[in-house]
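Report on one structure; see the data block that follows.
The values are calculated or read from the model by the stated rules, or taken from the named source; none is laboratory data. Predicted, not measured: the structure shown is a model, and the values here were computed from it. Because the Cβ atoms are built from the backbone with ideal geometry, glycine has one as well, and the counts that use them run over all protein chains shown. Accessible surface areas use protein heavy atoms only, side chains included; no ligands, DNA or RNA. Shrake-Rupley method; radii C 1.70, N 1.55, O 1.52, S 1.80 Å.
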Amino acid sequence: MANWTRACGVEDIDLEDVGRFDHAGRVFAIYRAPDGQFYATDGICTHEHAILSDGLVMDHLIECPKHMGRFDYRSGAARGAPVCVALRTYPVRVEGDDVLIDLG
Amino acid sequence: MSAGAVIVGAGEAGVGAAFALRAAGYAGPVTLIGGEAELPYERPPLSKDVLGGGALKPIRAEADYAAAGITLLRGRTVRRVRREAREIAFEDGGGLGYDRLLLATGAAPRRLQVPGAEAGPVHTLRDAADAFALRAAIEPGMRVAIIGGGLIGLEVAAAARGRGAAVTVLEAGPRLLGRGVPAELAAILAVAHRSNGVRLCTSCSLAEIVWRDGVADLRSADGSGTLADLVVAAIGVAPRTELAAAAGLAVDNGIAVDAELRTSDAAILAAGDCCSFPHPLFGGRRLRLESWQNAQELGQLAALNLTGGRQAVSHVPWMWSDQYALGLQVAGLPAAGAATVARHHGGDRLTLFHLGADGRLVGASGLGPGNSVARDIAIARRLIGARAAPDAAYLADPSASLKALLSLLPAAAG
């Protein structure tokens, strides 16, 4: 079942950056890639409790603010020690000025 | 069949190296030897979550070792390295041949040397057993004295306050965190500790401990005294070099290795807290670092160079500490700076940039709630690694984008 929810506005997140979205007790991270595409993942690192939106986005990688673990936010794949468990990703679509994510 | 790779020490460096050997395509036997009984675990939580009641955090799941074809020997101590025979001998008998050897033996806590230090229980904190013993010993209302106002001492102080103890920190130096953290940030942390009820005593040199009915009277050189039900010595660590020294390997503030982590015997490398190495990024200055990141980076590099690689150390040193709601991060070598530029973000978030005499960024340090300085430090790390010399006024301006400085770098500094 699709469950599209507004996460933020298009202009809320800079290119090659990340924002935080809290919903129903959960934390998500919304990314705007250098090419303008939006992506969404769980907002907490799989290694230890850290809010990913405090981290640095470089190209298509998010670096965890706590221990520098890296994920490709398009697929959620772990890309560097100490992380080895992938992040869950969520479908994203843009409607007008709104960024929607499908919480499933 | 080759005798394979043997790794002595199953901490962050040793475990990382074992898995990195496989990632690099090494097909021979890999044996990882650890002195402790536990599945290899991450050390940073010991002075934070674990003291607060949390569980150990394994570096890798137990099944990962077998899946990667890594033989993990736990609770085994290596007594000797016989270089001429290329084998190691275990304390409990038996031996093992190697054709490449990695020493990742870590460091051991320094012991208090004052009179009375051996006459009663003095806790130290380095491994899981230490953390469990300390956790079990701290009770609400108890008087806890911590000798040493470094990172471990202060993390223990915060954890002991969290468990309701009355905490005093005795630091011999004129300020907290004198070794690797700039004075401006140490001062903010001192305020945080005081406002959380910790009694801080700097320039307080311990002269003697007198024990009476299980209570320690810690006498300082200036004549003052502190009574404590529990004493913790957090006065640093010394590299574990005994094996290397006994095998005739060069030792210089740690097992001396070159920038490719080779000891004075080319078949033997060393990585992690136990070794000192010349760092190309800092003019070849010989460093010995005690951090989780350094152990990881050197473990990975050692694996590459054990399998024929010729790569030199290149990582920018980085470490963090969590105390109360504050997160501290330090990158590079702040002490190598000739000038400090402060970026005040407002609130209680502060980032410092440390510029060398030639204008190059050589260090950055930050303190703020949670991980609020992480992004500044992540960017600074890349600038330091790229030998950038950013404009001081720009660094000081909180409205100027730090990230924009990265796009000016010659090559992508991942």
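Points worth noting:
- Residue count, the stretch B:131-182 (criterion: open to solvent by 60 Å² or more (accessible area, probe 1.4 Å), within 11 Å of B:V231 (Cα to Cα) and of a type in the set (A, V, I, L, M)): 0
Residue-by-condition table, conditions (1) more than 12 Å from chain A (Cβ to nearest Cβ); (2) in contact with a Ser or Thr (Cβ under 6 Å, 6 or more places away or on another chain); (3) open to solvent by 20 Å² or more (accessible area, probe 1.4 Å):
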position: B:E297; (1), (2), (3): no, no, yes
position: B:G308; (1), (2), (3): yes, no, yes
position: B:A312; (1), (2), (3): yes, no, yes
position: B:G332; (1), (2), (3): yes, no, no
position: B:R349; (1), (2), (3): no, yes, yes
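- Remark: pairs (first residue in the stretch B:71-85, modelled with pLDDT of 95 or more; second residue part of a loop (DSSP other than H, G, I, E, B) and of a type in the set (V, I, T); Cβ separation under 9 Å; 6+ apart in sequence or on different chains) = B:V78/B:T105.
- From B:D322, B:D258, residue being in contact (Cβ under 8 Å) with a residue 12 or more places away in the chain and in contact with a helix residue (DSSP H, G or I) (Cβ under 9 Å, 6 or more places away or on another chain): B:D322
- Tally of residues being within 10 Å of the chain's Cα centre (by Cα), open to solvent by 10 Å² or more (accessible area, probe 1.4 Å) and hydrophobic (A, V, I, L, M, F, W, C) across the stretch A:62-72: 0
- Of the residues screened, A:G80 is not one that is open to solvent by less than 10 Å² (accessible area, probe 1.4 Å), within 14 Å of chain B (Cβ to nearest Cβ) and of a type in the set (G, A, S).
- Residues of the stretch B:32-49 classified as surrounded by 20 or more Cβ atoms within 10 Å (Cβ to Cβ) and more than 27 Å from B:G153 (Cβ to Cβ), total: 2
- Residue pairs whose Cβ atoms lie under 7 Å apart, sitting 6 or more positions apart in sequence or on different chains, and linking a residue in the stretch B:39-55 that is on the phi > 0 side of the Ramachandran plot to a partner that is part of a loop (DSSP other than H, G, I, E, B) and of a type in the set (A, V, I, L, M, F, W, C), do not occur here.
- Tabulated pairs, the stretch A:54-75, first more than 9 Å from chain B (Cβ to nearest Cβ) and more than 23 Å from B:L326 (Cα to Cα), second aromatic (F, W, Y) and open to solvent by 10 Å² or more (accessible area, probe 1.4 Å), C-beta under 7 angstrom, 6+ apart or interchain: A:Y73/A:Y39; A:R74/A:Y39
- Whenever a residue of the stretch B:374-394 is more than 16 Å from B:H345 (Cα to Cα), it has no partner that is hydroxyl-bearing (S, T, Y) lying with C-beta atoms less than 6 angstrom away and at least six residues away or across chains.
- Of residues in the stretch B:207-216 being more than 30 Å from the chain's Cα centre (by Cα) and not aromatic (F, W, Y), the one surrounded by the most Cβ atoms within 10 Å (Cβ to Cβ): B:V210
- Candidate set: the stretch A:30-45, residues that are closer than 18 Å to A:P65 by Cα and out of contact with any Phe, Trp or Tyr (no Cβ under 7 Å at 6 or more places or on another chain); chosen: the one most open to solvent (accessible area, probe 1.4 Å): A:I44
- Matching residues, the stretch A:12-30, being within 14 Å of chain B (Cβ to nearest Cβ) and within 10 Å of the chain's Cα centre (by Cα): A:D17, A:V18, A:G19, A:R20, A:V27, A:A29
- Of all residues in the stretch B:250-272, those satisfying the criterion of being open to solvent by 20 Å² or more (accessible area, probe 1.4 Å), under 22 Å from B:R80 (Cβ atoms) and not β-branched (V, I, T) are B:A250, B:D252, B:R262, B:S264, B:D265, B:A266.
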